[in-house]
Structure formats: structure tokens, C-alpha cells
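Shown next, in C-alpha cells, is the structure this report addresses.
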There are 2 protein chains.
Amino acid sequence: MISDIRLRYLYESAKLETMRAASDALDVATSSVSRQIAELEKELGIALIERGRRRIRLTEAGEAAFLYYRDKISHEEAFLSRIDELKNMRSGDIYLAMGAAFISSQFSEMLREFMEKYPNIHVHILTDTTAALLRRVREDEAHVGVVFAMPKDPKIRARMTVAQPLKVVINGRHRLARKSRLGLAELTNENIGLPEEGFRIRQIIHQAEQEQDVFLKAAMTTNSLDLLVDFVSSGRGISILPELVVQRGLLSGELRAVATDSPILNATETYLITRLGRQLPIAAHRLSLSIAAYLKNAMQALSP
Amino acid sequence: MISDIRLRYLYESAKLETMRAASDALDVATSSVSRQIAELEKELGIALIERGRRRIRLTEAGEAAFLYYRDKISHEEAFLSRIDELKNMRSGDIYLAMGAAFISSQFSEMLREFMEKYPNIHVHILTDTTAALLRRVREDEAHVGVVFAMPKDPKIRARMTVAQPLKVVINGRHRLARKSRLGLAELTNENIGLPEEGFRIRQIIHQAEQEQDVFLKAAMTTNSLDLLVDFVSSGRGISILPELVVQRGLLSGELRAVATDSPILNATETYLITRLGRQLPIAAHRLSLSIAAYLKNAMQALSP
DNA sequence: AATTTTATTGCTTTATAAGCAAATTAGTCT
DNA sequence: AGACTAATTTGCTTATAAAGCAATAAAATT
């Protein structure tokens, strides 16, 4: 490996024409300059400067070394500016894994603000099943995850937790809309739309059914939460969802979310997660703060 | 300036996935690897690896450093191979400044052999007046010079000197050809062809004329030595030249070179010169040896 | 030829990296 | 969940490389 210092001394000496000037510019003793150049020549096994002259004159090999070092500097500069970019978040990538339940226009708005603030950060958003999201976070495929009702996982750390009860979601004009609390049993004859099996929401509803020994017959199942929202909005029936999913309808008054008497449904939470022990890049850290603030505000707005 | 070692340790660690393996490969203590990487992070002000893991995982910045170092290595390799080329004379340039008198087919032959041996060395040959040749050597525009009858110059070193008397050159069938020595005065009525004023040869002839108070009237002057040789060969007249110029004709017996009684003409020499104190590149040095050998052999062949 | 400027060399001091051992931490295996 | 294993980190010492200083040598300038 070729010594950086030695090349640099040669370079400066050649540029300034004397070792003396180079040693001034480099703020070291001239003897060091002389010695390092001599050392470099010994290492390379070839003369770099023409000896026995006052002014430095490079040999062909010296010329080659000079050009090599000049390129080296510019590469180093490029690298350092890349580092600087990363340090100041002027570039980089954030991988965010989140449950489909959290995709909403409000969330988009928060994201838009973030991306406006850091225009060169690329935010990658992946939605998937809860299990798959957890795997992604565990394996560092995603920096941060936002998941609903996370099962225990020793390798995952919850950076933030927000209560996110599953509630009965109803059109504002629906006959059940005036209730402030509903028993699961009251829903058995309703027209219910639910997420497919495989959705974490559905699994939890199953647990609640078992808990209370109630069986809810779904009139419709889908893997599209949007479709469910539409199902409820249009007055065709009801659903059981986290409030965030119907955030917009709730805020406009079009929809209502009524809590149930099921402890299981009421205990569910949303988690902002990272892999245990993972140190986030600054950009990802900042984004996680924005998400945390967003989740907190959104829930407060919905349940005053 | 970024430390080479630190980058290297990071690079190896990332490549081999653990610092342990890297320290084995690098043959240093693991603690050194750990510390140098930590140091690099401190210098750059950004994390390069994700801490608190067994296997090395690079951050984005670490990735950037990794790629940077990889490029750096390949640049270094390219540079070293260039140096190696120069060291082994597989490339390079030699600037050779020589008097027109020395251009001959024998000289070409010597040069051809040299260039065959070192096919990637580019030999640049410049001919010029003696004064200009000296300037070129003095100013390092040429590595080596071959000049005739060099005037004193404190900055020029003669690496080799060969006696090169100016002789009267005659066609073998010429009436003067049988003489073994000629007085200058005997030439005054001959048909003489001489190099132009400005040629060193001509200057020396002038000195000899003054010395003996003889005036030689040239029937023809030219700046082409070839033309002079032709002039003599064709039997149109005689000339006064260094033997080397008519080397071929002398060896074939077509021409004869007869010494004069002028001490000045007899004392002239050919010099193989370099700038005083100049250390030649290996290639140029080798060529100078070849030239020296050539000059020596050529003169011996001519004056047994 | 004398003077000034520059480069080189010998020796000492300082700074940087390496080494070793102990402590800590993360991953793995019952 | 706890014990074990394999890795990293940290404190301290030793070795190595570079810097500094002073004296000497060499080259350009006057």
C-alpha cells in the first residue's frame, strides 16, 4: 500500500517547485519532506525526482505519481462530499414498512411535508401482512415499521405505542350510530364486512369472538380496506376496524366508530417499531419522529 | 486526509463480514481493526457500521466508504503497474539530440536493435546545430546528446569521448587517394564541397585555415551532408568531414579519408553528453550505453 | 569566488498504530 | 428463559513511523 503522506509531499513539492515551499505549505520540516519522498522512491524502486537540483523536477515516474495523486484527491473529495450529503440528510434512502391500515390521506400529508423538508431523501414504503412487516424490520429490510397489534417478538423494539382499539364502524345515519358502546352479540344479525383471513385485524376479531363465544358472519370479506370503507360509507353495512382507517369519514362526520364491550378489541395498539439494537440513520430517525407525532395527533383528534 | 489503513480495515471487515476474520486476514489484532474503524467514524462524523451486531453491516455511509476504497485500490493498482512498466522499461520516452553527422545506416541499425529490445520505448531523435543541441541538453529537453567538437560548457558532462578527426574525404580513384597525409595547402586548388557556415564542422575548418594561413575556396556549400557525400562519391570533388559521415563508403572501399597536417582538424572529438548532474531514466541510460558502444566500435572499424 | 537558498543526513522526540488481556455484548442452543 | 459461544470494545503497554532540530552538502545567483 502506498503511503498517502509520501505522495502528498511529492505532489506539493512538485507543485511548488521546491521542498522548502512544500514544507512551508504543509507545515512540516523540510527534512520530513525530503525523507518521505526518498522513502517513496525506495518503496517504488524508481526515482521520482531528479536529484542534485534546487528545484524539483519530476522524472517520468514522478510525473505518473503526481497525476495519480491528483486523481486520488479528487476522488477523495467526491467521497467526502457524499459523506457530507449523508450526514446532512441531503441524500439517502429510508425504508418504511407499514400495515395497509395506516395508509391515508392524512398520512400522505405528513409524508409530503417530510419529503419537502428533505427533498433528496428517497422514502420507500412497503405494505404487507403484519408477519411479513415484522420479518422485514427484523432483517433490516426496513428501517422502521408501523404495525397494528404486534405479536411479541424479542428482536423487535417498539419505539412508540398508541392505543388503537378496533371499533364498530358505521355510517352516521345507521340505526346503531347513536350507541356509545356495542356488545359483540348485538352485531350478529348485521350486514358485516371484514378483512380477509390473514389480516391481523381479522385474527384479533376471531380472538374476540372466541372470548365472548359469539360468531360474526361476514357478509363480505376483502383484502382491500378501501373497499370496506366504501362498503360502510355507502350504508350497505358495518365493519370492525381501527379508527385510523376511517379517519377521514370520522372527521367529516359521515361515519361513526363505536367501541365494543370486548376487552380484546379495546386493547389493540399501534406500534412504531425498529429492530432491537438498531441504530437508525439520521434520516430514518427523523422520519420515525414525524410518524410518532402524526400517530399521536391523529388519535387525539379522533378520540377527544 | 482520510487514513488508508482505516478504510482498508473497514473494507476487509465488510468483505469478510466480521472484524475477527478481517484481523486474521490483515494479520493484526482485532482490537486494532475495531479501533481504526471507530476512529474513521469519528473523523467522518458518521456511523459506518451498525453497532451492536456480531456480523458487520455497513450503513449507507459505510457502503459509500466501501465503494470508495474499492475504487481506490484499483487506481492504485493501475498506478503501480505504470511504475512497473517504467521500471522495466516497458514504456517511456527517450529524447536524443544529435548532430546530423551521426545519422547513418549503421547508427540506424544500432537504434533498431535497441528498439527491438524495448519495444514500448519511444525514442525521439532531434538533429540541430551543435549550439542548439547543447541548449537542449542543458535545459533537459533531451536526455542525451551526441555532438561533434563540443565547445566548453560548465553545465554539460561528457559521458564519453571518441577521437573524431576531420579528414579529407576523397573518391578511391581520386589522384589524392593514395596519399596517407595531406597538407591543407595542397587542397587549395581542389574542387571542394563543404558544409554551410553555421555547421560546427565548417567553423573548425575555418580555425584550421587561420592556423595555417590557408584559404580553402569551396566550390559548393550545402546544409545536406548527404549531398556532400554524393558530391565526393561521384568524383566531382573532395570534402573535409568526420569519418563517421562517410562510414559506409569507407567500409566499401569506395571512398578514402586522408588525415591532414592540421592539429586542429586532427584533435576534434565526438562527445556523448548529458546535463551535468542529471540522473538519466533507466531507458535513457541504457540507450546511452548502446550509443557509446556503437561509437567506439565504429571508430575502431574505420581506423584499425 | 562568495553568498544565498535548498536538499540531505544523523539523532531525538512525538504521534500513531499494534498488541495483549479483560470486559462487554449479541447471537445461539438447549 | 438461561447458559454458552463468538464477536466487539476498552484500558493499558509496546512498537513503529513520522516530525523536529541541527549540521552538512550541494547548486544557483551575484
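Only the coordinates and a few stated rules stand behind these numbers; no lab work does. These numbers were taken from a predicted model, which means no experiment stands behind them. Every residue, glycine as well, gets a Cβ built from its backbone with ideal geometry; the counts of neighbours run over all protein chains shown.
In this assembly of identical copies, the label point of B:Glu269 (Cα plus 7 Å along Cα-to-Cβ) is separated from its counterparts by 10.1 nm, sorted shortest first.
Distant-in-sequence amide contacts of B:Asp93, defined by a placed amide H-H separation under 5 Å and a gap of 5 or more residues or a different chain, comprise B:His122. Among residues of chain B, the one whose Cβ lies closest to the rotation axis carrying chain B onto chain A, together with that distance rounded to whole Å, is B:Asp4, 3.
Near B:Gly172: Cβ cut-off under 12 Å, other residues only, Lys/Arg at +1 and Asp/Glu at -1. The net charge is +3. Other residues within the sphere of radius under 9 Å centred on the Cβ of A:Thr274, judged by their own Cβ, net out at +4 (K and R +1, D and E -1). Computing FRET efficiency as 1/(1 + (r/R0)^6) for B:Arg173 and B:Asn266, where r is the C-beta to C-beta distance and R0 is 22 Å, gives about 0.30. Shown for B:Asn191: label points 7 Å from Cα along the beta-carbon vector, and their distances to the equivalent points in the other copies, 13.0 nm in ascending order. Measuring from a point 7 Å past the Cα of A:Glu85 along Cα-to-C-beta, which residues in the stretch B:47-78 have an amide N at less than 15 Å? Answer for this model: B:60-68. Scalar couplings 3J(HN,Hα) for the stretch B:30-36, obtained by applying the Karplus form with A = 6.51, B = -1.76, C = 1.60 to θ = phi - 60°, are 4, 4, 4, 4, 4, 5, 5 Hz; x denotes Gly and Pro.
When only C-alpha pairs under 8 Å and at least 6 residues apart count, what is the relative contact order of chain B, in percent?
Rounded, it is 20 percent for chain B.
Cα centroids of the stretch B:142-164 and the stretch A:151-219: 103 Å apart. Pairs exceeding 30 Å between alpha-carbon atoms, taken from A:Lys87/B:Lys15; A:Lys87/A:Lys152; A:Lys117/B:Lys15; B:Lys217/B:Lys296: A:Lys87/A:Lys152; A:Lys117/B:Lys15; B:Lys217/B:Lys296. Residues B:His206, A:His122, B:His174, ranked from the fewest to the most other C-beta atoms within 10 Å, line up as A:His122, B:His206, B:His174. The chymotrypsin sites (Phe, Trp or Tyr not before Pro) found in the stretch A:179-261 that occupy coil by DSSP, while having at most 11 further C-beta atoms within 10 Å, are A:Phe215. Short-range pairs are left out: with C-alpha atoms under 8 Å and at least six residues apart, the relative contact order of the stretch A:201-304 is 27 percent.
Annotation for B:Ala158 and B:Ser180: the two label points, set 7 Å from Cα along the Cα-Cβ direction, are 2.8 nm apart. Rounded to the nearest 10 degrees, the inclination of helix B:60-87 to the longest alpha-carbon principal axis of chain B is 20 degrees. If a paramagnetic tag sat 7 Å from the Cα of B:Ala131 along the Cα-Cβ line, which residues of the stretch B:189-205 would have the backbone N under 17 Å from that point? Within reach of a label on B:Ala131, which here means backbone N under 17 Å from a point 7 Å along Cα→Cβ, the stretch B:189-205 contributes B:196-205. If you plug the beta carbon distance of A:Ser108 and A:Gln300 into 1/(1 + (r/R0)^6) with R0 = 22 Å, you get a FRET efficiency near 0.70. The mean number of partner chain beta-carbon atoms within 10 angstrom of a residue's beta-carbon across peptide B:3-10 is 1. Label-point distances for A:Glu139 to the equivalent site in the other copies, using a point 7 angstrom along Cα→C-beta, read 7.0 nm when ranked shortest first.
Estimated from helical segments only, the mean residue ellipticity of chain A at 222 nm is -14500 deg cm²/dmol, where each DSSP H run of four or more residues counts as -39500 (n - 2.57). A Förster distance of 51 Å, applied to the separation of the beta-carbon atoms of A:Lys117 and A:Thr222, puts the FRET efficiency at 0.90. Working note: Karplus 6.51/-1.76/1.60 with θ = phi - 60° gives the stretch B:127-134 the couplings 10, 6, 5, 4, 4, 5, 5, 4 Hz, where Gly and Pro are set to x. For the stretch A:254-266, backbone phi angles converted through the Karplus equation (6.51, -1.76, 1.60; θ = phi - 60°) give residue-by-residue couplings of 5, 10, 10, 10, 10, 5, 9, 8, 7, x, 5, 5, 7 Hz, Gly and Pro being listed as x. Distance between the modelled labels on A:Val214 and B:Phe215, one decimal in nanometres: 14.0 nm (7 Å Cα→Cβ projection).
Zone of A:Arg55 (label point 7 Å along Cα→Cβ, backbone N under 14 Å): which residues in the stretch A:1-16? Inside the label zone: A:14-16.
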